[in-house]
Structures are given as structure tokens and as C-alpha cells.
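Just so it is clear, none of the values below were taken in a lab; they were calculated from the coordinates. Since the model is a prediction, treat every value here as computed from it, not as a measurement. Backbone-built Cβ (ideal geometry, glycine too); neighbour counts: all protein chains shown.
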Amino acid sequence: MSVSLVAALILAAIAAAAPGQTGRAHNQAGTVREGRINKARKPGRGSEKKLPESPKGAWFEDVTDKSGIPPLKYSEGVNFCCLEGGGLPDLFIPVVKGKDRLFRNRGNFRFEDITEAAGIKGKSGKDGIGAVFADFAGNGLEDLYIVKGAYPYGDNVMYLRKPDGAFRDVSREAGVVNRKNGISAVAADFFGSGRPDIFVCNWGVNTLFRNVSAGGDLKFRDDTLKAGLGGDGRSWAAVVADFNGDGRPDIFVCRGGYGKPESPRLYMNNGDGTFTDRTAESGISGIDWSLGAVAADFNNDGLPDLFVTSYDGRDRLYINLGGGRFRDVTKTSGIDTGHSVGAAAADIDGDGLTDLVVAQFAGPVKVFKNLGGGKFREIKNSGIGAWSRNEGVALADVNGDGAPDLYVSNYDGHNRLYRNLTGGRRLAIAITGARGAGTEARLYRTSEDKKSLAAFQELPGVSGFCSQVPDEFLFALPEKNARYNVEITFPGGEKKILYDVRPGRMEVKSPAKGKKQ
Ligand SMILES: [Ca+2]
Ligand SMILES: [Ca+2]
Ligand SMILES: [Ca+2]
Ligand SMILES: [Ca+2]
């Protein structure tokens with residue numbers, strides 16, 4: 001089935017799911033007016049006389065129009081990545097039925113389109129949906145893998161980044177063309193080799209590419225069947241986290257489609273090159289069609305929890321109980337979204353608790369403040385425009401002040417960049433080097449002889465729907481008089497401890513070598 005057909009099906013779902021959807025919009029005076037979302041509105045910002053302006057107390061301010069990022073119709077995923085490892089996050093947007101775009105972050109929320117200069121070529125008739133950056137070659141530069149799931153099936157593209165900044169197409173030499181109907185990919189060092197591997201979500205059998213690169217050349221081996229990941233179905237997106245706390249990155253896969261209910265799947269990493277499907281005993285159930293997921297520790301107990309979007313029903317929040325088991329707490333959580341695509345999690349308001357952004361296709365993007373104890377409250381004056389048909393979302397510190405900013409991808413061209421207005425005492429730690437995804441950080445609050453876990457984060461590589469966040473930890477340090485230490489654990493088990501951290505932004509390099517393959 002083609003991507004165009006996917007889009008058509010999604011649009012049909014909207015017509016059925018969201019009649020009379022209402023929303024909020026803000027006029028220039030900053031007052032709020034209620035209104036009906038005009039689903040027939042044409043994309044493009046040229047017709048927008050009044051820009052959305054955030055009301056007093058809003059969490060976000062729309063900074064799109066000075067950002068240099070144009071309206072991009074048919075964009076779905078969004079990838080934030082620091083192309084040189086450190087620095088401010090750059091932005092890549094795969095565009096379905098269009099040309100993929102790469103934007104360089106020039107600071108102060110301004111981006112420059114460097115697609116052509118970087119050598120990124122959109123192949124006509126081949127649509128990009130999901131993509132993933134990772135330092136596959138291990139030389140400190142981020143390479144790029146784009147999944148092309150169009151009809152007829154496109155060839156996936158692997159770009160190796162050269163020291164002069166240009167990307168070179170090495171898809172065939174690297175062995176990752178993968179001519180299947182792919183949707184997205186996630187990169188992580190699954191086997192502790194020191195080099196990121198790739199898991200591709202396809203409509204059909206998924207693909208695991210093991211990174212067997214040597215020297216400066218990229219080389220991957222299809223280990224799907226050997227790894228036990230050969231199940232059939234329709235997969236959309238995957239997230240990686242160590243869900244059972246054994247130090248090895250596991251895979252959660254979102255699946256399903258019209259007329260064919262398919263449960264998402266949780267694959268636990270056995271540590272010997274294989275995975276085992278543990279969905280049945282995990283307690284994750286009740287979703288027939290999941291599109292996106294975000295793994296984040298919502299209750300600060302050191303275990304990654306899961307928020308899963310459902311395209312044909314209510315989204316779900318699962319709290320990790322340990323040992324690979326989860327509890328569905330959706331009903332008591334205060335999160336009321338559904339028919340959604342993307343999601344993103346970070347401590348947006350800096351109070352020490354991880355908040356949630358949900359991109360509904362049938363309605364607006366909603367922001368939920370984490371109140372603790374598994375409860376959330378919707379932030380009504382989030383500052384986010386009221387458009388529906390939202391796709392991927394990602395939270396990243398675009399301006400380097402430590403507070404997570406937001407990008408929303410929208411199928412109708414209302415893609416927007418939002419600046420975080422909440423302020424507060426923030427610590428950003430960018431992880432450079434080849435081993436970002438799967439790296440964990442524990443923030444401890446210390447006083448006299450006591451040490452308590454204040455927050456836990458694991459770099460997910462990709463999150464939500466076909467989207468990627470940079471390899472950066474964004475912590476709040478809410479108590480001015482407290483002392484905070486950060487313990488960073490890299491894939492493979494090496495640790496670094498940062499004592500008495502202060503607000504600001506810093507870079508930490510991941511150890512270069514991993515286990516022998
Ligand atoms: Ca694990
Ligand atoms: Ca947790
Ligand atoms: Ca918060
Ligand atoms: Ca920021």
C-alpha cells in the first residue's frame with residue numbers, strides 16, 4: 001500500500017472522527033477567541049494576516065515566521081540532530097510528496113536551508129517519511145538514513161557525512177537499500193559494539209541492520225531473522241529504551257491499520273544478538289492501531305514509562321512496574337487525547353516532572369503538565385495554534401537555554417516552531433560521539449549524607465511518530481539551594497559522574513570503544 005494511500009486513509013479517518021471539531025486561536029492583541037477549526041483552509045502562510053500570539057502565561061510562543069522554515073505541506077516526521085555532535089540542534093524534515101529539507105541552526109531560532117549545499121537529493125516519486133541521524137561511521141559526524149516508503153517502493157538512502165560537511169550517498173555499498181515498504185527507522189547500539197545499528201519499521205517484515213562497519217566505510221548486515229525480529233504486520237514507528245532495566249536497549253514497535261487490528265510489540269534484548277517478543281506478559285494491550293510512542297520516566301522512579309498514540313481510539317499511558325511489566329493508567333491520568341499521531345515528552349515548565357505534548361490528527365496539539373502521582377492537567381493556553389492534521393512533534397533545546405522548545409509537523413503545511421517561554425533553572429547536557437541513543441542520565445539531589453533520585457532520562461534516538469530528538473539531556477534544577485549530581489551511563493555500561501552541576505549547557509563525549517563484535 002502506498003504512502004499516498006496512507007494519507008488518504010488518514011484523511012478519511014478525520015472526516016469520520018472529528019466532525020465539528022472546535023479549537024482556539026489567538027489574535028494579535030493576545031486575547032483568546034474560540035473558533036471552529038477550518039479543515040478546508042488552504043496551506044501556506046501567505047494568507048495568514050494575523051499571526052498567533054501567545055497569551056500571558058503561555059508555555060510557548062510561535063516563532064515560525066522569523067525562523068526561515070517555510071510551510072511544508074505533507075511533512076510527517078521531524079528530526080532534530082546536532083550535525084557536528086555538539087552545538088545547537090539542526091533540523092531535517094522528510095517530506096512526503098516533496099523534497100526533503102535540511103536546515104542549519106544559526107541561533108536565536110533562525111534556520112538556514114542547506115539541503116542543496118549539503119548534497120541531500122530528494123528522489124522524485126520516492127517519498128521520505130521517517131529518517132534517523134546517527135554517527136554510524138564513528139567519526140564524530142552525524143550520518144543520515146532516510147526511509148522511502150512510496151509506491152512503487154522507494155530505495156532507502158544512507159548518507160555518509162564527510163569532514164567537509166557534505167553528505168555522500170552510500171546506500172548500496174552500505175547494504176541498506178532495503179527495498180520494502182518502509183515507514184521509519186531507529187538507530188541504537190543494540191549489541192554494545194560501539195556503533196549504532198538500525199531497526200526499520202516496514203509494512204511487512206521489519207528489518208534489523210547490524211552495523212559491521214570497519215575503517216571509514218559504512219557496512220550493515222541484515223540480521224532480522226537471526227535476531228528474532230521477523231514478524232509480519234504493518235509497523236509505523238519504534239522507540240528504543242531499556243524497558244526491563246538490564247542495561248540492554250529494547251524495542252517497542254507501533255503497528256496496525258484499517259480493518260486489521262495489530263497490537264504494538266515489545267521486544268526485549270537478550271544480549272546475545274537476539275530479541276524475544278514479551279508483549280503478551282507486558283500488560284501493554286488495548287490498542288489496535290498505534291502510530292507513535294514516547295518512552296520517558298513520568299514518575300521519576302528510574303524506569304522508562306510509555307505513552308502510545310492510537311490512531312483509531314484513545315491514546316494510552318503505561319507506567320513501568322519493572323521487570324518488563326506495565327500498568328495502563330490512562331483513565332486516571334487526565335490525558336484525554338485520541339486519534340493521534342506524534343507525541344513528545346520533556347520537563348517543559350522546569351518543575352522537575354516530565355510533561356507531555358500530543359499531536360492529534362483529528363484535533364489540535366495538546367500540552368499536558370505532569371502534576372505527579374500519575375496525574376496530568378491540560379495547559380489550555382499553551383500558545384500552540386489550533387490546527388488539526390498534526391503529525392510528528394519533537395522537543396529540543398533549539399536556542400541553548402536548556403528549556404525544551406517544540407516543532408510541530410503538520411500535513412496541511414501548518415508546521416510551526418515554538419519557543420519555550422517558561423524560564424527556570426535548566427541544565428542541558430549534549431552527548432557527543434557515536435553512542436548517543438540508549439545513554440542514560442540520573443539526576444541526584446544531594447543534601448548532607450542523603451542522595452535521592454530527582455529525575456531519570458534515557459536518550460531515545462527517535463520518539464513519537466517518525467521523529468528524532470537530539471542526543472541531549474534536558475534537566476531542571478528547581479531548588480536553588482540544593483546540590484545536584486548527574487550520573488551518565490553509556491550503552492555498554494561505562495559511567496561518568498558530574499558533581500555539583502549548575503544551570504547551563506555542557507557537552508559530554510561518549511566513550512569511543514564498545515565491546516568487540
Ligand atoms: Ca533491556
Ligand atoms: Ca517511570
Ligand atoms: Ca514539568
Ligand atoms: Ca530552549
Under the Debye formula (equal points on every Cα, no solvent term), log10 I(q)/I(0) of the range 232-331 at q = 0.12, 0.16 Å⁻¹: -0.34, -0.61
Estimated distance in nm for a label pair at Lys450 and Thr276, the labels positioned 7 Å out from Cα along Cα-to-Cβ: 4.0
Base-10 log of normalised Debye intensity for the chain (one unit scatterer per alpha-carbon) at q = 0.06 Å⁻¹: -0.23
Per-pair calculated FRET efficiency, R0 = 56 Å: Ile497 and Tyr258 via Cβ, rounded to 0.05: 0.65
Added length on full extension, which subtracts the Cα-Cα distance from 0.36 nm per residue, Asp169 to Asn108: 18.8 nm
For the range 59-70, Karplus couplings with θ = phi - 60° (6.51, -1.76, 1.60), whole Hz, Gly/Pro x: 7, 10, 10, 6, 10, 4, 6, 9, 7, x, 8, x
Label-to-label distance, nm, for residues given as Arg425 and Lys375 (7 Å Cα→Cβ offset): 2.6
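Percent of alpha carbon pairs in the range 408-468 separated by more than 19 Å? Don't jump to the answer; show the numbers that get you there.
Details: 1062 of 1830 pairs.
Roughly 58 percent, once rounded to a whole number.
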Within the range 354-455: Cβ-based charge dipole about Cα centre, in debye rounded to nearest 20 (Lys, Arg +1; Asp, Glu -1): 280
Exceeding the 30 Å Cα-Cα cut-off - candidates Lys180/Lys260; Lys369/Lys450; Lys56/Lys450; Lys121/Lys260: Lys56/Lys450; Lys121/Lys260
Interatomic Cα distance distribution for the range 202-247, bins of 5 angstrom, percent: 5, 17, 18, 21, 21, 14, 4, 0
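Quick check of the Kirkwood formula: for the range 379-446, what is the inverse mean of 1/r over all pairs of different Cα atoms, in Å?
Working: mean 1/r = 0.0690 Å⁻¹.
About 14.5 Å, per the Kirkwood formula over Cα pairs.
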Alpha-carbon spread of the range 58-123, three principal axes, descending order, Å: 39, 27, 18
For Tyr258, Tyr411, order by how many other beta-carbon atoms lie within 10 Å, fewest first: Tyr258, Tyr411
Where only C-alpha atoms are counted, convex hull volume of the range 167-305 per residue in Å³: 128
